[in-house]
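Structure first, commentary second.
The values are calculated or read from the model by the stated rules, or taken from the named source; none is laboratory data. It should be emphasised that the depicted structure is a prediction, and the values quoted were computed from it without experimental measurement. Cβ placement follows ideal geometry from the backbone for every residue including glycine, while neighbour counts extend to all protein chains displayed. The protein model used for the area step is the full one, side chains on, heavy atoms only, and it has no ligands, DNA or RNA in it. Shrake-Rupley method; radii C 1.70, N 1.55, O 1.52, S 1.80 Å.
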Amino acid sequence: MTKLEIFEPDRRAIPYLDQGEGFTVVLLPAEGLNIASLGMLASVLVEEGFRVVRIGNRRPSGDEAPVTMHDLAQDVVEVMDRIGLPAESWVGGHGFGGAVARTVAHDHAGRVSGVLLLGVAAAGPMSEDATQALRTAFSDTDDADGLEAMRVLAGDADDLELAWRLFSGTRDRAVMPMQRAALAATPEQAWAPLPAGLPVLIIQGSDDQVMPPANGDALRDLAPERVSSSRIEGHGHLFVMTDPVETAGAIEDYLGWD
């Protein structure tokens with residue numbers, strides 16, 4: 001299956017894309033981005049023999065009740081059930097998507113066998129530079145300001161113009177209020193702790209100013225026997241777009257898939 005599908009239980013329109021065959025990795029996008037933001041990473045993983053299922057956020061209808069992280073996690077599991085994913089699947093996400101993945105692991109023990117975090121969300125304010133760069137990048141800005149935002153969000157990526165085109169083309173600003181409200185409505189202790197007993201792989205951009213590597217290092221140090229981490233050197237928060245090959249390589253090396 002390579003066509004975008006929409007699953008609509010109880011009027012929730014949840015987009016997803018199921019590609020490839022092999023060991024299954026579920027990927028969830030970052031705040032304000034759609035599943036196309038994970039497209040290049042997914043393509044590399046599929047070429048390496050993985051099955052990759054990208055699941056987006058339900059579409060706001062304007063009259064829905066407030067949602068929590070538990071509701072967004074339930075959306076993910078319902079899509080997984082719909083397409084018959086095995087319990088040994090890994091679930092992961094970029095930034096905010098990783099927070100949803102952690103909620104899936106907490107709420108649906110036994111449904112997944114590991115968690116992949118592409119950047120690690122944590123409580124506390126971001127730097128002023130990161131906050132301003134995100135504000136600019138998600139606004140109706142011109143290309144010059146967008147490129148300046150990429151200097152913060154993409155780090156030392158080789159091609160900031162490409163990073164801006166990829167980022168601006170995958171923005172999904174309509175879901176951001178719902179995502180932020182879900183995070184605000186859910187106690188951090190419901191999603192942030194390490195899921196009991198599961199292996200966790202953390203991949204981070206070494207120059208990530210939105211979710212600094214220290215976030216992942218602190219999480220790893222809580223259980224180093226089952227949490228591993230890897231860094232994409234020279235890249236910022238958007239490393240999944242700016243270096244999908246190295247990101248996929250870190251996933252493949254860890255999961256040992258040939």
Between ALA133, ALA196, ALA157, which gets the highest mean-square fluctuation from a Gaussian network model of the chain, Cα cutoff 10 Å? ALA196
Roughly what % of DSSP beta bridges within the range 14-145 run antiparallel, to the nearest 5? 25
Starting from the Cα of GLU78, step 7 Å along the direction of its Cβ; do the same at SER43; then give the gap between the two resulting points in nm. 3.2
If I stretch the segment between MET126 and ASP159 completely, what's the gain in nm (0.36 nm per residue apart, minus their alpha carbon distance), one decimal? 9.4 nm
Using heavy-atom solvent-accessible surface (probe 1.4 Å) with all chains present, what is the largest-first order of ASP159, ASP75, ASP140, ASP221? ASP140, ASP221, ASP159, ASP75
Tell me the relative contact order for the chain as a rounded percent, counting alpha carbon contacts under 8 Å between residues six or more apart. 22
Amide H neighbours of THR24 under 5 Å, at least 5 residues apart or on other chains, H built in the peptide plane: list them. ARG51, TRP90
Share, in percent, of DSSP beta bridges within the chain that are antiparallel, nearest 5: 30
Taking only C-alpha positions in the chain, Rg and Dmax in angstrom work out to 16.8, 47
Please give the length that would be gained between ASP145 and ALA185 if that part of the chain were fully extended, namely 0.36 nm times their separation in residues minus their C-alpha to C-alpha distance (nm, one decimal). 11.1 nm
For the modelled label position 7 Å from the Cα of ARG135 along Cα-to-Cβ, which residues of the range 146-184 have backbone nitrogen atoms closer than 16 Å? 146, 148-150, 152-153
How much accessible area per residue does the chain have, in Å², with a 1.4 Å probe? 43
